[in-house]
1. Which members of the stretch 82-106 meet the condition of being buried (at least 17 other Cβ atoms within 10 Å of the Cβ), assigned to a loop (DSSP other than H, G, I, E, B) and modelled with pLDDT of 85 or more?
2. Of all the residues that make up the stretch 70-101, how many are closer than 21 Å to residue 143 by Cβ, of a type outside the set (Gly, Ala, Ser) and in contact (Cβ under 8 Å) with a residue 24 or more places away in the chain?
3. Taking the stretch 109-140 on its own, how many of its residues are modelled with pLDDT under 85 and under 23 Å from residue 52 (Cβ atoms)?
4. Report whether or not residue 149 is out of contact with any His (no Cβ under 7 Å at 6 or more places or on another chain), buried (at least 17 other Cβ atoms within 10 Å of the Cβ), outside any strand (DSSP E or B) and modelled with pLDDT of 85 or more.
5. Out of the residues in the stretch 152-173 that are touching a residue at least 12 places away in the same chain (Cβ under 8 Å), more than 17 Å from residue 53 (Cβ to Cβ) and of a type in the set (Lys, Arg), state the one that is surrounded by the most Cβ atoms within 10 Å (Cβ to Cβ).
6. Pairs only if they're at least six apart or on different chains, beta carbon under 8 angstrom, first in the stretch 122-135 and more than 22 Å from residue 89 (Cβ to Cβ), second acidic (Asp, Glu) and assigned to a strand (DSSP E or B); list them, first residue then second.
7. Quick check: is even one residue across the stretch 178-192 in a strand (DSSP E or B) and surrounded by 13 or more Cβ atoms within 10 Å (Cβ to Cβ)?
8. Looking at (1) exposed (fewer than 15 other Cβ atoms within 10 Å of the Cβ); (2) acidic (Asp, Glu); (3) modelled with pLDDT of 80 or more; (4) under 28 Å from residue 121 (Cβ atoms), which is the only condition residue 77 fails?
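The values are calculated or read from the model by the stated rules, or taken from the named source; none is laboratory data. These numbers come from a predicted model, not from an experiment. With ideal geometry, Cβ positions are generated from the backbone for all residues, glycine too; neighbour counts draw on all protein chains shown.
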Amino acid sequence: MVASIRPIVADGGEPAGCDPASHGYPWVVAQAKRTKAKRDAKKDEGGDRRVATNRKARHDYDILETLECGVVLQGSEVKSLREGKAQIADAYARVDGSELWLFGLHIPPWRFGTGFGGHDPDRKRKLLVHRHEIADLAGQTQSGQPLTLIPLSIYFRDGKAKVEIGVARGRKLHDKRQAIKERDAKREVARAVREQSRWG
């Protein structure tokens, strides 16, 4: 009677000395199931997965209102965003005709997207909003008021890339100083409350 020989399994659940690309082992199926479970868990988490935030915007501008927009992207741009690569510090939006466009958003090329599959990192990108919202934004920014459209963040919601746009008014130097004082005062109050709750 010949004893059956079982492969030695390494710590990662794979037979030692085996090529992971080979087929016929149960661990290949198990690995695929684990990968699918991780993807499903990420989908079920809900909420936003933030890619980039424009911290400078809230320091330099008073944000009067915000608006969530879809954005038209190429495949390689989506893959770069999923890797967390984007720069929006110098970006701005503008109503051009009857459409809303985003300028100055830098999405670096995807590392595997070369040649035909690549994209221009600094191209203008169309934002997707309702027509009445575009009309409202055009009225606010073209009515003679010193208002501008600033992207505040880029994130994924339900697997789709979104851009949060803010209708902003530029702050003067003394306004920035006042905002810094107010922020520091709030931090001091919060710190005092924490100390009081800890020792009181």
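1. The answer is 88, 91, 105.
2. Here is the first cut: in the stretch 70-101, the ones closer than 21 Å to residue 143 by Cβ are 92-101.
With of a type outside the set (Gly, Ala, Ser) added as a condition, the list becomes 92, 94-96, 99-101.
Among the residues that remain, those that are also in contact (Cβ under 8 Å) with a residue 24 or more places away in the chain are: 92, 94-95, 99-101.
The qualifying residues number 6.
3. Number of matching residues: 11.
4. Working: out of contact with any His (no Cβ under 7 Å at 6 or more places or on another chain): yes; buried (at least 17 other Cβ atoms within 10 Å of the Cβ): yes; outside any strand (DSSP E or B): no; modelled with pLDDT of 85 or more: yes.
No, not satisfied.
5. 171
6. 134/99
7. Initially, the stretch 178-192 is screened for residues in a strand (DSSP E or B), giving none.
Checked against the condition, which is being in a strand (DSSP E or B) and surrounded by 13 or more Cβ atoms within 10 Å (Cβ to Cβ), the stretch 178-192 yields no hits at all.
8. The number of the failed condition is (1).
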